[in-house]
Amino acid sequence: MKRGRFITLEGIEGVGKSSNLAFLHDTLKQRGVDVWVTREPGGTDLGEEIRALLLGHRHDGMAHDTELLLMFAARAEHLGREIRPRLASGQWVLCDRFTDATYAYQGGGRGIPGKRIAVLEEWVQGSLRPDMTILLDAPLDVAFGRVSQRGAAQDRFEKEKEDFFTKVRQCYLGRAAREPSRIRVVDAARSLSEVQSDLTRLMAGLVDEVR
Ligand SMILES: Nc1ncnc2c1ncn2[C@@H]1O[C@H](COP(=O)(O)OP(=O)(O)O)[C@@H](O)[C@H]1O
Ligand SMILES: [Mg+2]
């Protein structure tokens, strides 16, 4: 049994991760791939409860280390109970955010040193990394314009200031520059159909690799 591929979708709020998740799912299904779609933080019952703690406003003053550790607690559950068994059985996993988001938000945004995040990454993931990470990238004003149109209440991260997201975006782009073969940057400021033609091409490449 061939191990499944692990694909993650990254980017600041409003770049189109959720909108493109279903599209990626359909694209892979059409090519005969069995794929499970999930998100972080979350993806398990316990993980979704941790997500509610992280994104809600009941704990607005949460310490940065608490935030980081909760992210990895949810991730340990997700990996142990869902992601690893599914990949081992040959299923593909498509995840809305993963550890690159931890580096970008808790590292770049909150200022936790990357070295400390790397300790937890090693502990929780061992050598497991996404096979491909799609970084949807757009300037802040474009992304924020879309978030305001979406109209939902702001979560604990969305209410951060522009400076926070500038650092998050820079961290994402820096990681992509250092790992260009894993992290593929897609210009998400363009129309949805232009973004999706890039995504189709990326998925076709991945499927061809394993056939
Ligand atoms: N390329 C695009 N062009 C125009 N609008 C888009 C594009 N991608 C997403 N949107 C819209 O922007 C909003 C935010 O997208 P969403 O997928 O929720 O972003 P994210 O999950 O990254 O926060 C949604 O209303 C969505 O329909
Ligand atoms: Mg989303």
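The values are calculated or read from the model by the stated rules, or taken from the named source; none is laboratory data. Keep in mind the model is a prediction, meaning the values are calculated, not measured. Here Cβ is always computed from backbone atoms with ideal geometry, including for glycine, and neighbour counts include all displayed protein chains. Ligands, DNA and RNA are excluded from the accessible area calculation, which covers all protein heavy atoms including side chains. Shrake-Rupley method; radii C 1.70, N 1.55, O 1.52, S 1.80 Å.
Straight-line reach from Lys115: which lysines fall under 29 Å, measuring Cα to Cα and dropping same-chain residues less than 8 apart?
Here the lysines satisfying the reach criterion relative to Lys115 are Lys17, Lys159, Lys161, Lys167.
Leaving out ligands, DNA and RNA but keeping every protein chain, what accessible area does His59 have, in Å² rounded to the nearest 10, with a 1.4 Å probe?
80 Å²
Leaving ligands, DNA and RNA out of it, report the carbon-plus-sulfur percent of the accessible area of region 6-210 at a 1.4 Å probe.
Ligands and nucleic acids excluded, carbon and sulfur give 52 percent.
Assuming a ≥ b ≥ c are the square roots of the Cα gyration tensor eigenvalues, decide whether region 114-211 counts as rounded (a/c under 1.5), prolate (otherwise, with a/b larger than b/c) or oblate.
oblate
So, by mean Cβ neighbours within 10 angstrom, what's the order for 100-108, 177-185 with the highest one leading?
Averaged packing, sorted descending, gives the order 100-108, 177-185.
Mind jotting down the distance between the C-alpha centroids of region 124-152 and region 75-100, whole Å?
Taking the Cα centre of region 124-152 as reference, the centre of region 75-100 is 18 Å away.
Please report Rg over Rh for the chain, where both radii come from the alpha carbon positions and Rh follows the Kirkwood definition.
0.94
Enumerate the amide H contacts of Thr133 below 5 Å, restricted to partners 5 or more residues apart or on another chain; note that Pro and chain-start residues carry no placed amide H.
Under 5 Å from the amide H of Thr133 lie the amide H atoms of Thr8, Ile183, Arg184, each far enough along the sequence or on another chain.
Need one value: the accessible area of Cys171 in square angstrom, 1.4 angstrom probe, rounded to the nearest 10.
30 Å²
Among all the lysines, which ones have a C-alpha under 25 Å from Lys2's C-alpha, if same-chain residues fewer than 8 places away are not counted?
Partners within reach: Lys29.
Set the Förster distance to 35 Å, then compute FRET efficiency between Gln170 and Met1 from the Cβ-Cβ distance, nearest 0.05.
Once the sixth-power term is evaluated, E becomes 0.30.
Using heavy-atom solvent-accessible surface (probe 1.4 Å) with all chains present, what is the largest-first order of Val147, Val168, Val37?
Val37, Val147, Val168
With a 1.4 Å probe and every protein chain left in place, work out the accessible area per residue of the chain in Å², rounded to a whole number.
It amounts to 48 Å² per residue over the chain.
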